[in-house]
Structure formats: structure tokens, C-alpha cells
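The values are calculated or read from the model by the stated rules, or taken from the named source; none is laboratory data. Note that the structure is predicted; figures quoted are calculated from it, not measured. No Cβ is skipped: glycine too gets one built from the backbone with ideal geometry, and neighbour counts run over all protein chains shown.
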Amino acid sequence: MCGVFGVYGHPEAANLTYLGLHALQHRGQESAGIAASDGRRLTLHRGMGQVIDVFTPQHIDRLKGTNAIGHVRYSTSGGSLLKNAQPIAADSTRGSVAIAHNGNLTNAESVRHQLEETGSIFQSESDTEVIVHLMAQSRQGSLEDRVADALTRVEGAYSLLCLSERKMVAVRDPLAIRPLCYGTFPDREGAFVVSSEPSSFALVGAEFKGNLAPGEMLICDDTGVRHSRPFERKSSRTCIFEYIYFARADSVIDGISVYEARKNLGRALAKHDSVQADVVIPVPDSAVPAAIGYAHAAGVPFEMGLVRSPYVGRTFIEPEQSIRHFGVRLKHNAVSEVLRGRRVVVVDDSIVRGTTSRKIVKMLRSAGAREVHLRISSPQIAWPCFYGIDTPTRSELIAQSHTVDEINQYLTSDTLAYLTLEETQRAVLAADEAGRSTDGGATLNGHAHALNGANVRNGNWEAPPDRFCHACFSGDYPVPFQDTPRPRQMRLLDI
Ligand code: AMP
């Protein structure tokens with residue numbers, strides 16, 4: 001999970017990229033960087049920490065030119081070190097290039113090995129550097145052809161931005177696993193913007209124009225913007241967890257509103273729930289829309305029974321387990337006035353190890369909750385992600401080795417319920433802007449209804465087999481592995 005943002009043809013390119021990265025900060029907080037080009041040369045600034053800590057006005061001033069790409073990082077491949085921060089830049093006889101990447105390559109280690117055999121010397125541990133070396137070796141002439149040539153050798157998830165002295169190229173992998181969208185500036189003709197999420201456009205005054213299709217490439221140069229499809233056409237398998245947890249609630253990704261998807265997930269949780277509750281509360285911030293959806297559907301009052309400090313990042317992004325334990329306490333506190341003597345439904349979006357939920361349940365009871373019913377707006381996470389989301393090894397995932405009853409006992413909640421994968425897919429698809437229904441389910445009208453790939457036949461909803469990647473829930477990995485999959489949850493020794 002990282003964020004990428006790029007601007008082409010705007011005199012404020014670096015400044016706008018800085019703002020864009022700030023709006024993507026939820027996608028990664030370990031490091032940030034911007035590369036800018038003025039038509040003749042590239043300049044780069046990167047640092048560890050959040051966007052506002054990494055850049056001063058002087059840094060932005062030095063990032064000259066009308067074109068810039070930026071990156072916020074959260075390490076899923078390579079340690080949390082400055083040398084792994086992005087954009088990665090390289091010079092060759094054919095000029096300079098900078099690259100910003102969101103996603104994870106699944107064959108990076110074997111390609112790296114082959115490149116090292118033929119003399120390439122790597123400067124970082126990041127899988128992205130493999131693409132830079134492949135581009136340097138490519139015999140193709142133009143930047144876009146070298147990018148396309150390099151990408152035929154790699155597999156996995158990539159939403160990628162490349163910047164040379166005169167061009168910016170954006171490309172999304174053939175399964176469109178991570179999001180990538182583009183827009184224009186109404187007050188600046190010819191200027192163009194690309195971002196991981198459209199919610200970042202408001203801050204820079206850009207207008208959303210579209211999402212990159214699976215395997216689509218956008219080339220921006222002084223002749224304008226061109227689309228190309230250098231890869232074989234495939235149907236998308238966008239990560240469903242973007243809708244459940246990662247993306248910002250005000251983003252619409254590939255036509256699906258993240259906010260509506262989360263509300264639908266909450267509604268779906270309430271649908272078959274018979275628990276008697278006095279109040280519904282979210283684990284803020286990511287579970288707020290799901291708890292609203294639950295409260296509406298169940299007819300139970302919604303309250304903020306937990307407050308979240310706005311000054312801490314997402315707990316999980318901190319790479320070390322001991323920091324994460326501390327983080328839960330740092331992040332949330334209970335509101336006794338909402339909880340005392342009440343039967344509480346608490347909605348969270350996911351359980352990974354169970355560390356957060358166990359502490360939350362304890363916190364709610366100490367604040368006086370009479371009963372604590374935990375509702376999770378996704379299925380059990382039982383498989384690690386190898387496409388760019390930070391998940392621990394399989395053995396650390398609580399759902400991998402425990403039943404729902406056992407997890408409930410461990411968390412010390414009164415009851416615990418998850419959504420099924422089918423309910424989850426259905427709720428997310430029902431938030432598709434093209435076919436939104438109000439009951440939290442896909443429109444059932446008795447005849448075939450295209451809901452961006454979902455089909456209704458004879459009144460029965462069928463999940464489209466290939467709309468989302470849900471490997472973390474199902475173990476169904478849409479991109480095969482050449483390397484032995486190895487989750488990269490950071491350890492103390494990596495730091
Ligand atoms: P855990 O304590 O390990 O069960 O983590 C679960 C909490 O972390 C939930 O509240 C989620 O909102 C959040 N979460 C789930 N997956 C991730 C992730 N990959 N990165 C950051 N936070 C996550």
C-alpha cells in the first residue's frame with residue numbers, strides 16, 4: 001500500500017504534487033518523495049516520515065519544472081529505509097528517469113537475480129528498482145516503449161508513474177489490482193494529473209476524468225495526452241480491501257463509491273443480525289460508514305463511543321509489533337457517557353491478528369459497556385497479500401488457525417460476526433455508481449442486469465467471478481507466483 005501522484009504541464013507541478021501526496025497520506029506514512037522535471041533535467045527530494053515533515057518550502061522551490069511525480073510509501077517490499085524511498089531515479093546515456101510505484105511485483109526476486117547475473121548493481125531492496133534496470137536494458141527508443149518492454153518481464157500489481165525530462169507515463173497492471181485515475185485542471189489548459197485516488201483532486205483543484213483500464217498506459221508529452229494498451233486485455237481484479245479499509249471514504253474507485261460500499265457492508269452485517277443492542281459504535285475512522293449503515297438498517301442509535309486521536313497514523317503502518325500494541329492505546333479512547341450500562345454493537349472493518357479488537361473490547365468494558373457485540377464488515381482474513389498490502393505471515397493471521405467462536409473467546413467479546421465473501425462482494429458492487437440500489441444489495445429485478453459485471457439471473461444474484469481480488473479472504477491469488485511468496489511485515493532487525 002503506497003500512493004502515487006503526478007502532474008504534467010503545470011507551472012506549480014511540485015507544489016501540487018506535494019498537496020496531492022498530503023491527500024494520499026493514508027496510503028503510506030513511512031517515507032515521501034517528489035521528482036520534478038523542467039524539460040532538461042530531473043530533481044529529486046525524498047525523506048523518511050510524513051509529507052509535511054519531509055518537505056519544506058525550500059525543497060519545493062528546488063523541485064523546478066512543469067512536471068512532477070510523487071510517492072508516499074509504506075513498506076511491503078524492502079525495509080523501512082531511506083534507500084527504499086521513492087521515486088527511484090536513475091541516469092543513463094539515454095537520459096534520466098524517475099519511477100513511483102504502488103503495488104508489489106510477484107517475480108521481482110527472480111528477475112533481480114537474472115539482472116545481477118548480467119552485471120546490474122542494485123542500490124535498494126525495493127522491487128521497483130527491477131523495473132528501472134529492465135528499462136535501462138531495453139532496446140526500445142521512447143520512454144513509453146521502454147516502460148512497456150520492461151513491464152512484459154514482470155508480474156504482479158503495479159500502478160506506476162514514470163517521469164523523464166520531457167514525458168510522464170502512467171500505467172496500471174493488466175488486472176488493475178491497485179487503483180489509478182486521472183484528471184485535468186479546469187483553469188489550466190493542457191495540464192494533466194494522475195493519482196492513486198480521486199479524493200486527492202479536490203485539494204489541487206483538478207477535475208476527475210477517468211480511471212486507467214486494466215493494462216492501460218497514458219503518455220503525456222508536449223503533443224498532448226495519448227492512451228495506449230500495450231498488454232493483453234484482461235478483466236480487472238481490483239483489490240476489494242481498498243473498498244473495505246484502505247482507500248479514503250470520499251474516493252470513487254473504478255466507479256464504486258468507497259463510502260457507499262462501506263455503508264452497504266454495514267447494512268449487510270445488520271441484515272441477519274438478531275442481537276439486541278442499545279447503541280451502535282464504530283472503531284473510528286475507517287469503520288464509521290459501515291457502522292452508520294448498520295445503525296440505519298438495524299434501527300439502533302449510532303453514537304461515537306470511541307474517539308480517535310487525529311494526531312496518530314494508522315496503527316498497522318508502524319512496522320513493529322511492540323509499537324502497534326502501544327498504538328492502540330495512543331489512538332483510541334472510550335466515551336463512558338455513551339457506553340455505561342449499554343448493550344453495544346461495535347463495528348470494525350477487519351481483524352488481522354486480533355490485537356486491536358481485543359484491546360478495544362477491554363476498553364469498552366472498562367468504560368462501562370454491559371455487553372460488547374463485535375461486527376466485522378469483511379470476511380475472515382486468512383491469507384497474506386502479495387500484491388502490495390502489508391499483511392503478516394499466515395501463521396500470525398488469527399483467522400487462519402481459529403474458528404469464529406475461538407476468536408470471539410480470545411477477544412472476550414459477547415458475540416462476534418463477520419460477513420461472508422459473497423455478502424462482501426455484493427455490498428461493494430451495490431455501490432457501483434452505474435447501478436446503485438438503496439437496499440444494500442444489487443438490484444434484483446428478475447432479469448439480467450449488468451452491474452459492472454454482476455449478473456442477476458432468474459432473480460438470483462451471482463457474484464462475477466473476476467471483478468475483485470479477494471485473495472486475503474479466499475486464498476484465490478489471481479497472479480501466479482514465480483518467487484516463493486514471502487510476506488514482508490517488518491521486523492525489528494529490518495529497521
Ligand atoms: P489487528 O489488531 O492486527 O487485528 O488489526 C486490525 C485493525 O487494523 C483493524 O482495525 C483494521 O482497521 C486495521 N487494518 C487491517 N488491515 C490493515 C493493514 N494492512 N494496514 C493497516 N491497518 C490495517
In the range 33-50, is there at least one residue being in contact with a Gly (Cβ under 8 Å, 6 or more places away or on another chain) and among the charged types (D, E, K, R)? yes
When you scan the range 108-128, do you find a residue that is touching a Cys at 6+ places or on another chain (Cβ under 8 Å) and either more than 16 Å from the ligand (Cβ to nearest atom) or of a type in the set (D, E, K, R) (or both), even just one? no
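Just give me the residues in the range 219-253 being under 23 Å from residue 193 (Cβ atoms) and small (Gly, Ala, Ser), in sequence order.
First, the residues of the range 219-253 that are under 23 Å from residue 193 (Cβ atoms): 219-230, 236, 238-239, 242-243, 246-253.
Scanning the range 219-253 gives 224, 228, 236, 247, 249, 251.
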Verdict on residue 299 being closer than 16 Å to residue 249 by Cβ and either in contact with a Lys or Arg (Cβ under 6 Å, 6 or more places away or on another chain) or without any contact (Cβ under 8 Å) to a residue 12 or more places away in the chain (or both): no
Among 399, 417, 427, 367, the single one that is near the ligand (Cβ under 10 Å from one of its atoms) and at pLDDT 95 or above is 399
Between residues in the range 162-180 that are closer than 22 Å to residue 201 by Cβ and residues that are acidic (Asp, Glu) and surrounded by 24 or more Cβ atoms within 10 Å (Cβ to Cβ), which pairs lie under 8 Å by C-beta distance while being six or more apart or on different chains? 178/242; 179/197; 179/242
Of the residues 353, 358, which single one is assigned to a loop (DSSP other than H, G, I, E, B), modelled with pLDDT of 90 or more and near the ligand (Cβ under 10 Å from one of its atoms)? 353
Give the residue, chosen from 124, 199, that is of a type in the set (Ser, Thr, Tyr), in the same structural domain as residue 44 (by TED's automatic domain parsing), modelled with pLDDT under 95 and surrounded by fewer than 24 Cβ atoms within 10 Å (Cβ to Cβ). 124
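Quick check on residue 281: is it modelled with pLDDT of 95 or more and closer than 23 Å to residue 29 by Cα? Talk me through it step by step, then tell me what you get.
Working: modelled with pLDDT of 95 or more: yes; closer than 23 Å to residue 29 by Cα: no.
Spelling it out, it is not the case that residue 281 is modelled with pLDDT of 95 or more and closer than 23 Å to residue 29 by Cα.
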Take the conditions in a helix (DSSP H, G or I), over 24 Å from residue 478 (Cβ atoms), within 16 Å of the ligand (Cβ to nearest atom) and not polar (S, T, N, Q) and apply them to residue 203. Does it pass? no
Within the range 366-383, tally of residues that are under 18 Å from residue 407 (Cβ atoms) and either out of contact with any helix residue (DSSP H, G or I) (no Cβ under 9 Å at 6 or more places or on another chain) or in a loop (DSSP other than H, G, I, E, B) (or both): 9
Please give the number of the condition residue 227 fails out of (1) within 14 Å of the ligand (Cβ to nearest atom); (2) within 30 Å of residue 152 (Cα to Cα). (1)
Which members of the range 275-290 meet the condition of being in a loop (DSSP other than H, G, I, E, B) and away from the ligand (no atom under 13 Å from the Cβ)? 275, 276, 277, 278
Members of the range 42-76 found to be of a type in the set (Ser, Thr, Tyr) and touching a Phe, Trp or Tyr at 6+ places or on another chain (Cβ under 8 Å), listed by number: 66
Checking the condition within 13 Å of the ligand (Cβ to nearest atom) and within 30 Å of residue 126 (Cα to Cα), which residue from 381, 376, 407 passes? 381
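Looking at the range 113-136, which of its residues are polar (S, T, N, Q) and either farther than 20 Å from residue 158 by Cα or not in a helix (DSSP H, G or I) (or both)?
Answer for the range 113-136, where residues must be polar (S, T, N, Q) and either farther than 20 Å from residue 158 by Cα or not in a helix (DSSP H, G or I) (or both): 114, 118, 120, 123, 124, 126.
Restricting attention to the range 147-186, which residues are charged (D, E, K, R) and surrounded by 23 or more Cβ atoms within 10 Å (Cβ to Cβ)? Write out each step before concluding.
Initially, the range 147-186 is screened for residues charged (D, E, K, R), giving 149, 153, 155, 165-167, 172-173, 178.
Of everything in the range 147-186, those that are charged (D, E, K, R) and surrounded by 23 or more Cβ atoms within 10 Å (Cβ to Cβ) turn out to be 172, 173, 178.
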